[in-house]
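The values are calculated or read from the model by the stated rules, or taken from the named source; none is laboratory data. Predicted, not measured: the structure shown is a model, and the values here were computed from it. Glycine also receives a Cβ, built like all others from the backbone with ideal geometry; neighbour counts cover every protein chain displayed.
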Amino acid sequence: MGCCFLLHDGNQSVMIDAGLFGEPVFIRRLFRRLGLTPRSLQAILLTHGHLDHAGNLAWLKQWSSATVYAHTHEQAHVDGTYPYQGINRWCGRLEAAGRTVFGTRPALIDQCLTDRQMLPFWGGLEVIHLPGHTLGHCGFYSARHRLLFSGDMFGSYFFNTHKPPAILNSAPELFPESAAKIRQLKPRWMVPCHFDVLDGNRHRRRFAKLYGFDDWEAINSTHELHCDGRSDV
Ligand SMILES: [Zn+2]
Ligand SMILES: [Zn+2]
């Protein structure tokens with residue numbers, strides 16, 4: 001349904017999001033392939049607490065003993081107690097059904113994130129608070145790579161690049177401000193959590209078009225980010 005990411009730089013490993021159900025098989029396999037042990041994982045960063053991003057959190061936290069970082073507003077999502085309002089109630093109903101089907105357990109956020117906080121992982125990751133989808137939705141920006149993990153600001157598929165469906169958004173009026181924040185940041189590469197191929201250039205171009213911006217990298221963009229099995233993304 002979506003992607004979570006393992007960032008590994010030789011000394012440290014950190015995961016962005018934890019996935020939903022079935023991820024333990026893939027995560028274990030990936031760790032084995034990279035010669036990592038569960039204890040190699042130092043942190044789990046949550047973009048937000050929706051079930052498809054945090055459903056596997058309790059397992060991952062217990063398996064690795066890693067510290068969980070997320071915005072404080074996301075704890076209620078992780079716990080399944082967020083008071084969804086209006087059309088957004090459908091999100092709560094879907095999550096409640098998912099929790100029952102997958103036997104999801106809650107997990108505690110250990111460290112609360114704030115906007116522009118610098119995290120000492122992967123050469124430095126900056127927390128970019130991007131509310132709209134949820135109130136505590138955050139992206140993670142690597143200045144070293146000019147790469148933004150943009151969470152659920154948009155889904156990026158060749159047949160349909162879209163903002164999250166209305167039923168999934170808790171504060172949709174905040175999307176424009178969050179999008180403008182990304183525009184100001186000017187990442188070279190963007191990696192959302194729902195996409196077709198791992199190509200950060202393509203996702204940035206699609207994001208700019210979707211939100212009505214000119215592509216800020218159009219002139220001097222020469223690099224492509226691909227998932228080739230050897231990348232550290
Ligand atoms: Zn979401
Ligand atoms: Zn999602």
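Within segment 123-158, being of a type in the set (F, W, Y), more than 16 Å from ligand 2 (Cβ to nearest atom) and modelled with pLDDT of 95 or more holds for one residue alone: Y141.
So which of K163, K209, K186 ends up being of a type outside the set (G, A, S) and on the phi > 0 side of the Ramachandran plot?
Numbers: K163 fails: on the phi > 0 side of the Ramachandran plot; K209 fails: on the phi > 0 side of the Ramachandran plot.
Matching residue, one of K163, K209, K186: K186.
From the residues in segment 32-56 that are touching a residue at least 60 places away in the same chain (Cβ under 8 Å) and surrounded by fewer than 23 Cβ atoms within 10 Å (Cβ to Cβ), which one is nearest to ligand 1 (Cβ to nearest atom)? If we take residues in segment 32-56 being touching a residue at least 60 places away in the same chain (Cβ under 8 Å) and surrounded by fewer than 23 Cβ atoms within 10 Å (Cβ to Cβ), then A43 is nearest to ligand 1 (Cβ to nearest atom).
Comparison of S170, S178, S142 shows that the only residue that is touching a Ser or Thr at 6+ places or on another chain (Cβ under 7 Å), small (G, A, S) and under 24 Å from Q111 (Cα atoms) is S170.
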